[in-house]
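What follows is a short report on a single structure.
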Amino acid sequence: KKFSLLSCVITIILGNYWMLRVMKNPIFNDLVGMEFQPYAKMASMFIVVFVILIYSKLVDLFQKETLFYILCSVYASIFFFLGFATAHPDLFTLSSGSMLYPFVQWIPGKFIGWLAYFSFESSSLLMILFWAFVASVTKAKSAKKGYALIVTCIQLGTISGPAIVTYFAPKVGSPTLVALGGVFVLIVPFLIKLYTKLIPSETTEAEIAEQQQPKKKTGFFEGLRLIATQPYVMGILIVSTIYEIIGTILEFQMNMIAKNIFPSRDLFAAF
């Protein structure tokens, strides 16, 4: 029962992430232009790092269950807004007479395209939160038995997200699917609440008392400090980053070709 509930949570989180991710480039191409995607990719790296630093601070202030309520509410609001904004981007375009126009006129394309790109990229934060939550409520003995079920369901999410876009984007449009992403995100806190009510804790009373002791504050840049000072963590960073650089270059080349073959945003997304 425990790992079935957790599997449902990660299937929704990861399925929603991949549904939005495959629409990220078509929306950006439509509102900004695919030739600017490398700049968006580089900028998103700094934005995601900044978001993770904020998350690291929130971990010190709130329990992980509460973090689900906070982050899911924030991202659901963003996705609902983007669902409307990507359908009507001209409503959010600053006119040349606007006071803010001189400060943003150097940004190519429409602002909504950039906001959608960065929002979809940073939504991977929910996966980080999920694994932190699982690690906090699971001991090694049960993890050996249950993690296989979670990883199996992860594959279902990874497949179902793009499949939804493939079959429904040409029919209902990508803005509708972006708003649907907000609905999926809102389901997650209810599943977490259900989990906390139904599943007994594996932690003993002594361990609970120890967890309730005042914690030493880790600081805003603790994550960066660990990467810089721990060779093992630095190794994880390198291994998980190098192949992404190659994949990003190949993906960009593919998208530049695809945008000419699929001129419609929704057909591009379905591809």
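Brief remarks follow.
- Annotation: of all residues in the range 46-94 being part of a helix (DSSP H, G or I) and among the hydroxyl-bearing types (Ser, Thr, Tyr), the one that is farthest from residue 30 (Cα to Cα) is 66.
- Long-range neighbours under 8 Å by Cβ, at least six apart or interchain, first residue under 17 Å from residue 87 (Cβ atoms) within the range 1-30, second β-branched (Val, Ile, Thr) and part of a loop (DSSP other than H, G, I, E, B): 27/86
- Some residue of the range 156-172 being closer than 17 Å to residue 8 by Cα, open to solvent by 30 Å² or more (accessible area, probe 1.4 Å) and among the charged types (D, E, K, R): no
- Applying the condition of being assigned to a helix (DSSP H, G or I) and more than 29 Å from residue 79 (Cβ to Cβ) to the range 114-146 and asking which residue is farthest from the chain's Cα centre (by Cα) yields 141.
- Where a residue in the range 241-268 is assigned to a helix (DSSP H, G or I) and its partner, wherever it lies, is open to solvent by 50 Å² or more (accessible area, probe 1.4 Å) and among the acidic types (Asp, Glu), with Cβ under 7 Å and at least six apart: 265/30
- Among the residues of the range 32-48, those that are under 21 Å from residue 224 (Cβ atoms) and either among the acidic types (Asp, Glu) or touching a residue at least 24 places away in the same chain (Cβ under 8 Å) (or both) comprise 41, 43, 44, 47, 48.
- Under the condition of being over 21 Å from the mean Cα position of the chain (by Cα) and at pLDDT below 85, the residues counted in the range 223-263 number 1.
The values are calculated or read from the model by the stated rules, or taken from the named source; none is laboratory data. Small disclaimer: the values here were computed from a predicted structure and weren't measured. Virtual Cβ from ideal backbone geometry, glycine too; neighbours counted across all protein chains shown. Calculation scope for accessible area: heavy atoms of the full protein, side chains included, ligands and nucleic acids excluded. Shrake-Rupley method; radii C 1.70, N 1.55, O 1.52, S 1.80 Å.
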